[in-house]
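Peer 1: Right, I'll just put the structure down here and ask away after.
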Amino acid sequence: MSKLPFVPFDPLKERVNIIDVMNALPLEMVAQKRPGEWRGKCPACQSADKSLVVTDGKGYTCYSRRGQAMEAQGDVIQLVRHVLDLNEPLEAAHWIVDAFHLDIDELRGKKTVTKPSTVLTKKPIEEGSRGANPPIVAQRGMRPLEHLEPEHEAVTALGLIPDDARRIGVGYAPRGVMKGTVAWPVRLSDGTLIGYIGLSAAILPSNWRY
């Protein structure tokens with residue numbers, strides 16, 4: 001496994017809100033009466049409903065592990081690490097960077113800071129509507145993932161030459177939430193990029209055109 005580039009944690013935590021990150025994770029959270037508090041089932045622990053608590057401006061706690069040696073609580077980076085069962089905090093930081101299309105150089109203070117693009121996220125379930133299907137909300141277009149590798153053998157195995165893959169925006173993802181897959185862009189009819197599909201194996205038809 002290649003070493004991940006350094007991401008400064010404090011500037012990253014200043015750039016993202018824990019509720020926005022919660023929305024981008026595979027969670028179904030229910031808003032509580034207490035302002036800024038959300039509760040739901042923890043997919044990492046396969047816990048009972050409402051064992052995972054996320055509080056705006058504070059952090060998170062997974063009560064299924066409370067009091068144990070490996071107690072699960074902390075900030076937004078630790079939330080991502082816990083929910084996605086990642087080994088290191090740096091992996092969680094890179095997930096946030098990729099999900100919100102942040103620039104690592106900006107976080108390091110080497111570039112002028114710009115606002116992150118909005119990601120394609122699930123709207124949290126409001127109190128009293130548990131069991132409903134949360135709609136997918138795309139507030140505006142995403143920035144293309146810049147670390148994709150169109151020359152990777154996994155891309156050519158699909159029958160795409162690197163130049164075609166580069167024009168389409170297809171590439172192998174060596175890190176981030178799409179890690180280990182060929183990321184294929186999903187666009188609206190006007191060309192707005194709204195997300196990616198991760199392909200681990202696929203065969204294109206012989207008459208495929210783009």
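Peer 1: So, in segment 10-42, exactly how many residues are part of a helix (DSSP H, G or I), acidic (Asp, Glu) and either surrounded by 15 or more Cβ atoms within 10 Å (Cβ to Cβ) or at positive phi (or both)?
Peer 2: As a first pass, look at segment 10-42 and keep what is part of a helix (DSSP H, G or I): 10-15, 18-24.
Keeping just the survivors that are acidic (Asp, Glu) gives 10, 14, 20.
Checking the rest, the ones that are also either surrounded by 15 or more Cβ atoms within 10 Å (Cβ to Cβ) or at positive phi (or both) come to 20.
The total comes to 1.
Peer 1: Can I ask one more? Being in contact (Cβ under 8 Å) with a residue 12 or more places away in the chain and in a helix (DSSP H, G or I), is that true of even one residue in segment 81-88?
Peer 2: Yes, because at least one residue in segment 81-88 is in contact (Cβ under 8 Å) with a residue 12 or more places away in the chain and in a helix (DSSP H, G or I).
Peer 1: Yes or no: segment 47-54 includes at least one residue that is buried (at least 16 other Cβ atoms within 10 Å of the Cβ), within 20 Å of the chain's Cα centre (by Cα) and over 19 Å from ALA93 (Cβ atoms). Give the steps one after another, and end with the answer.
Peer 2: First, the residues of segment 47-54 that are buried (at least 16 other Cβ atoms within 10 Å of the Cβ): 47, 50-54.
Right, trim to within 20 Å of the chain's Cα centre (by Cα) and you get 52-54.
Filter again for over 19 Å from ALA93 (Cβ atoms), leaving 52-53.
There is at least one residue in segment 47-54 that is buried (at least 16 other Cβ atoms within 10 Å of the Cβ), within 20 Å of the chain's Cα centre (by Cα) and over 19 Å from ALA93 (Cβ atoms).
Conditions tested, residue by residue: (1) among the basic types (Lys, Arg); (2) within 15 Å of the chain's Cα centre (by Cα); (3) assigned by TED's automatic domain parsing to the domain that holds ASP105; (4) modelled with pLDDT of 90 or more.
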{"site": "GLU14", "(1), (2), (3), (4)": "no, no, yes, yes"}
{"site": "ALA24", "(1), (2), (3), (4)": "no, yes, yes, no"}
{"site": "TRP38", "(1), (2), (3), (4)": "no, no, yes, yes"}
{"site": "CYS45", "(1), (2), (3), (4)": "no, no, yes, no"}
{"site": "ASP56", "(1), (2), (3), (4)": "no, no, yes, yes"}
{"site": "GLY67", "(1), (2), (3), (4)": "no, no, yes, no"}
{"site": "GLN73", "(1), (2), (3), (4)": "no, no, yes, no"}
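Peer 1: Looking only at segment 163-196, filter to residues that are small (Gly, Ala, Ser) and free of Cβ contacts under 8 Å to residues at least 24 places away in the same chain; which one of those is surrounded by the most Cβ atoms within 10 Å (Cβ to Cβ)?
Peer 2: Going residue by residue through segment 163-196, those that are small (Gly, Ala, Ser) are 165, 169, 171, 173, 176, 180, 183, 189, 191, 195.
From what's left, free of Cβ contacts under 8 Å to residues at least 24 places away in the same chain: 165, 180, 189, 191.
Numbers: ALA165: 23, GLY180: 12, SER189: 5, GLY191: 7.
Selected residue: ALA165.
The values are calculated or read from the model by the stated rules, or taken from the named source; none is laboratory data. Predicted model, so just to flag it, every value in this text is computed and none were measured. Glycine gets a Cβ as well: all are built from the backbone with ideal geometry, and neighbour counts include every protein chain shown.
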